[in-house]
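These notes concern the structure reproduced below.
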Amino acid sequence: MKRRDLIGWIGGSVIVSQWPALAQQTPLPVIGYLSARALTDSRDIIAAFQRGLADVGFVDKQNVHIETRFAEGHFDRLPELAADLVRLRVNVLVATGGTVTVIKAKPVVPPEIPIVFAMGGDPVKLGVVDSLNRPGDNITGVSFLVNGLAAKSVELLHELVPKATAIGFLVNPGDPNAEPDMQEVQLAAGAFGLNLVIAKASNESQIDAAFANFGRQNVGGVVVDTEPFFADQRERIVALAARFRLPDVYQLSAFVTAGGLASYGTSIADANRQLGAYTGRILSGTKAGDLPVIQSSKFELAINIKTAKTLGLDVPLVVIGRADEVIE
């Protein structure tokens with residue numbers, strides 16, 4: 001090897017060997033990921049979020065770091081967990097896993113940290129943003145329809161169990177959408193001439209008691225409201241519906257995958273993919289307040305035929321024909 005080439009090679013090797021050290025000296029931007037749900041029940045949602053990030057060029061542990069906090073259904077912990085992420089000086093705070101996450105986190109987050117949320121309900125009516133087009137200086141996100149879906153769930157249950165004269169509605173009183181959802185279901189049940197039995201639950205024992213009450217009241221089926229604690233408790237809820245032989249309708253397809261009868265609702269995976277893409281755009285320099293709130297409009301109908309057979313139900317062909325997912 002010529003002396004000049006040798007010197008060049010040595011110089012090149014020094015540069016290469018120093019590159020990892022130089023890279024480590026440049027900290028990665030940090031996403032604070034806050035959810036009202038549990039980690040074990042959020043893996044699909046996180047995967048969808050990461051797909052959205054990747055769509056705009058960000059990959060965890062390569063050019064961004066995701067710091068996660070999960071409240072596991074304990075809503076009172078959300079402000080504390082949000083404050084913990086703020087202390088880490090995250091570049092952006094993501095609030096997902098239910099409307100309650102952003103409502104509890106927003107007062108804790110200083111204006112210099114942008115917030116990106118995924119939530120059900122109307123973010124304007126709930127005071128999260130000023131408007132959909134101009135959400136505010138440091139906040140934007142994805143709003144997916146849940147108000148209006150409770151009534152759709154009653155309609156779907158009526159199609160599946162047309163002879164039922166009474167239905168149950170399971171709702172978490174701690175969820176910000178609880179009151180409007182109860183009013184909506186009452187109106188929908190009245191329109192079909194159905195008696196409505198409302199049960200409120202915010203812990204496991206109350207869920208058990210609610211289904212025992214549904215059994216005593218001889219309801220012909222049950223609608224379960226959408227909120228993060230129930231989503232994390234879906235195995236328990238589906239098992240109780242099966243135990244009391246109650247046709248059950250939800251607004252998340254994960255319940256149907258777990259053995260529930262049917263669901264109709266927004267695609268949570270699609271909404272969280274959009275959430276990831278928005279987060280990446282903010283990391284790239286776009287101001288949160290310049291991004292209008294996305295209104296996710298992809299809906300899914302899922303039917304579990306195996307569960308229907310167990311309950312002795314014949315699912316109408318028209319319902320099967322509308323379904324996006326049919327589990328045999």
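Taken together, the values in this text are just the output of simple stated rules run on the coordinates, not laboratory data. This one's a predicted model, so the numbers in the text were calculated from it and none came from an experiment. All Cβ positions, glycine included, derive from the backbone under ideal geometry; neighbour counts span all protein chains shown.
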Under 15 Å from the Cβ of ARG51, count the other residues' Cβ atoms, weight Lys and Arg +1, Asp and Glu -1, and hand me the total.
0
Filter the cross-link list LYS106/LYS298; LYS163/LYS298; LYS200/LYS287; LYS125/LYS163; LYS61/LYS125 down to pairs whose alpha-carbon distance in this structure exceeds 29 Å.
LYS163/LYS298; LYS200/LYS287; LYS125/LYS163; LYS61/LYS125
Using only helices, what value at 222 nm comes out for the chain when you add -39,500 (n - 2.57) per DSSP H run of length 4 or more and divide by the total residues, to the nearest 500 deg cm²/dmol?
-13000 deg cm²/dmol
Would you mind calculating the gained length between LEU39 and ALA212 on full extension (0.36 nm times residue separation, minus the Cα-Cα distance), in nm to one decimal?
59.4 nm
Net charge contributed by nearby residues that have their C-beta within less than 12 Å of PHE214 (K/R +1, D/E -1):
+1
From the square roots a ≥ b ≥ c of the eigenvalues of the alpha-carbon gyration tensor of the range 72-128, which class results: rounded (a/c under 1.5), prolate (a/b over b/c), or oblate?
oblate
Roughly what angle does helix 149-160 make with the longest principal axis of the chain, taking Cα atoms, 0 to 90 degrees, to the nearest 10?
50 degrees
Options (i) 21.5, 78; (ii) 23.6, 94; (iii) 22.6, 77 - which one matches Rg and Dmax of the Cα atoms in Å as calculated here:
(ii)
